[in-house]
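Colleague: Submitted below is the structure of interest, expressed as structure tokens.
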Amino acid sequence: MPHLSSAKSPQAVMGSLLKQVVGSTAVQGSRTVFHVTVMPCYDKKLEAAREELTLAQTSEPEVDCCLTTSEVLKMLQDHGVSHLSEVLEVDMPPSAIALPGSTSSANLYGLPGGSGGYFDFVFRYAAKVLFGIQVPPGPLPMKQLRNMDLQDVLLSNRMHSPSPSPITTTLMMSLLEQPDAPPGSPPLLRFGLAYGFRNIQTVVRKMRTKKCDFDFVEVMACPSGCLNGGGQIKASEKGIPAAQLLESVESSYQHQDVIPRQPSDNPIVQSVYSQWGCSAYSNEARSLLHTTYRKREKTITASVSDW
């Protein structure tokens, strides 16, 4: 399936790093590492069971156990824990931290928000590599289409034309926000977000009729993205409206401990590449951080085996 991004998901990337990078330094290899993930979606369990996400030598899964947030809550409740403050905290020495470059700091590196970080990175990288345009820091000026879960952003061809003076950040953002161009001159890039099956179906229909003019589309089955996943703690369990709970969860991803930083500037990413002896986009990195997809036939047997 050539048109799907080959980059592994964060869950799969962490599995590769723990089993192949950290596990390679353990006395008994990767079998001493038991990788547990906590995810917002039940379908992440299916992803963890994919044949492509296993170690080639032993067929050992890179993700040993995948739990949803609601399952973690139930486990705590079953053990009589009503608040996280009741969970015993274990102080770990710096030497026990697994990934190279990791520290005991509470800061997280990434883009604020629950979804769209990969979309943001690909847009900026494509603008730089394909057209020599450095998109300035800050949120991309997304434009809502039919609804909040169907949006796009355009890279204007006016930004590619010669300018007598340097393009300032203010001008750059205005060109992004108002990609007006002469008739017959399409934007350099058009990226889209389609969350929820209804919006995904809209994009698929346009593709089938050859009317889809997106250069890149990020799709997610859940409306509002990952934070609204089917495995998340339900609003009824918290006693508040669903919209209020989603807003609360989203705000936690805007916390001051999240330092906005592109992956290429993340010290942990740089340390991992250094320890593994490779660089981004190298063949070694591709074998570790990328995967493949194949078409699955719709049969009862396949559906049953998935679950």
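Colleague: List the helices (runs of 4 or more DSSP H) that sit entirely inside the range 200-307 and contain at least 3 residues that are β-branched (Val, Ile, Thr). So that I can check it myself, show each step before the final result.
Modeller: Working: elements: 235-238, 242-252, 267-276, 283-289, 300-306.
Because the criterion is at least 3 residues that are β-branched (Val, Ile, Thr), the helices (runs of 4 or more DSSP H) in the range 200-307 that meet it are 267-276, 300-306.
Colleague: Of the residues that sit in the range 279-298 and are surrounded by 15 or more Cβ atoms within 10 Å (Cβ to Cβ) and over 16 Å from TYR125 (Cβ atoms), which one is nearest to the chain's Cα centre (by Cα)?
Modeller: Here the residue is THR291.
Colleague: Let me ask something else about it. Filter the range 29-71 down to residues that are open to solvent by 50 Å² or more (accessible area, probe 1.4 Å) and of a type in the set (Ser, Thr, Tyr) and give me whichever is nearest to GLU237 (Cα to Cα).
Modeller: The selected residue is TYR42.
Colleague: Is it fair to say LYS8 is surrounded by 19 or more Cβ atoms within 10 Å (Cβ to Cβ), within 17 Å of the chain's Cα centre (by Cα) and within 20 Å of SER282 (Cα to Cα)? Reasoning before the result, please.
Modeller: Values: surrounded by 19 or more Cβ atoms within 10 Å (Cβ to Cβ): yes; within 17 Å of the chain's Cα centre (by Cα): yes; within 20 Å of SER282 (Cα to Cα): yes.
Against the criterion (surrounded by 19 or more Cβ atoms within 10 Å (Cβ to Cβ), within 17 Å of the chain's Cα centre (by Cα) and within 20 Å of SER282 (Cα to Cα)), LYS8 qualifies.
Colleague: Whether any residue in the range 94-101 is at pLDDT 80 or above, among the hydroxyl-bearing types (Ser, Thr, Tyr) and more than 17 Å from LEU188 (Cβ to Cβ) is what I want to check.
Modeller: Going residue by residue through the range 94-101, those that are at pLDDT 80 or above are none.
Checking the range 94-101: not a single residue is at pLDDT 80 or above, among the hydroxyl-bearing types (Ser, Thr, Tyr) and more than 17 Å from LEU188 (Cβ to Cβ).
Colleague: Say whether the condition of being hydrophobic (A, V, I, L, M, F, W, C), touching a helix residue (DSSP H, G or I) at 6+ places or on another chain (Cβ under 6 Å) and either at pLDDT below 85 or at positive phi (or both) is met by at least one residue in the range 240-255. So that I can check it myself, show each step before the final result.
Modeller: Within the range 240-255, the first condition is being hydrophobic (A, V, I, L, M, F, W, C), and the residues that meet it are 240, 242-243, 245-246, 249.
Still in the list and also touching a helix residue (DSSP H, G or I) at 6+ places or on another chain (Cβ under 6 Å): 242, 245-246, 249.
Add one more test, that the residue is either at pLDDT below 85 or at positive phi (or both), and what stays is none.
Scanning the range 240-255, I find no residue that is hydrophobic (A, V, I, L, M, F, W, C), touching a helix residue (DSSP H, G or I) at 6+ places or on another chain (Cβ under 6 Å) and either at pLDDT below 85 or at positive phi (or both), so the answer is no.
Colleague: Identify all residues within the range 243-278 that are of a type in the set (A, V, I, L, M) and surrounded by 13 or more Cβ atoms within 10 Å (Cβ to Cβ); write none if there are none. Can you show your working first?
Modeller: Restricting attention to the range 243-278, the residues satisfying the condition of being of a type in the set (A, V, I, L, M) are 243, 245-246, 249, 258-259, 268-269, 272.
Correct list: LEU245, LEU246, VAL249, VAL258, ILE259, ILE268, VAL269, VAL272.
Colleague: Still on this structure, please answer the following. Is there any pair linking a residue in the range 35-49 that is closer than 21 Å to TYR293 by Cα and aliphatic (A, V, I, L, M) to one that is surrounded by fewer than 15 Cβ atoms within 10 Å (Cβ to Cβ) and modelled with pLDDT under 95, with Cβ under 7 Å and at least six apart or on different chains, and which?
Modeller: Cβ pairs passing all conditions: LEU46/ASP306.
Colleague: List the strands (runs of 3 or more DSSP E) that sit entirely inside the range 121-198 and contain at least 3 residues that are modelled with pLDDT of 90 or more and either in contact with a Pro (Cβ under 8 Å, 6 or more places away or on another chain) or open to solvent by 60 Å² or more (accessible area, probe 1.4 Å) (or both). Can you show your working first?
Modeller: Values: elements: 143-147, 150-155, 189-195.
Hits in the range 121-198: 143-147, 150-155.
Colleague: Next up: Right, GLY23: touching a helix residue (DSSP H, G or I) at 6+ places or on another chain (Cβ under 8 Å), modelled with pLDDT under 75 and surrounded by fewer than 17 Cβ atoms within 10 Å (Cβ to Cβ) or not?
Modeller: Working: touching a helix residue (DSSP H, G or I) at 6+ places or on another chain (Cβ under 8 Å): yes; modelled with pLDDT under 75: yes; surrounded by fewer than 17 Cβ atoms within 10 Å (Cβ to Cβ): no.
When the stated conditions are applied, GLY23 does not pass them.
Colleague: Residues in the range 212-239 that are exposed (fewer than 12 other Cβ atoms within 10 Å of the Cβ) and modelled with pLDDT under 85: how many?
Modeller: 2
The values are calculated or read from the model by the stated rules, or taken from the named source; none is laboratory data. Keep in mind the model is a prediction, meaning the values are calculated, not measured. All Cβ positions, even for glycine, are placed from backbone atoms using ideal geometry, and neighbour counts span all protein chains on display. These area figures cover heavy atoms from the full protein model, side chains too; ligands, DNA and RNA do not enter into them. Shrake-Rupley method; radii C 1.70, N 1.55, O 1.52, S 1.80 Å.
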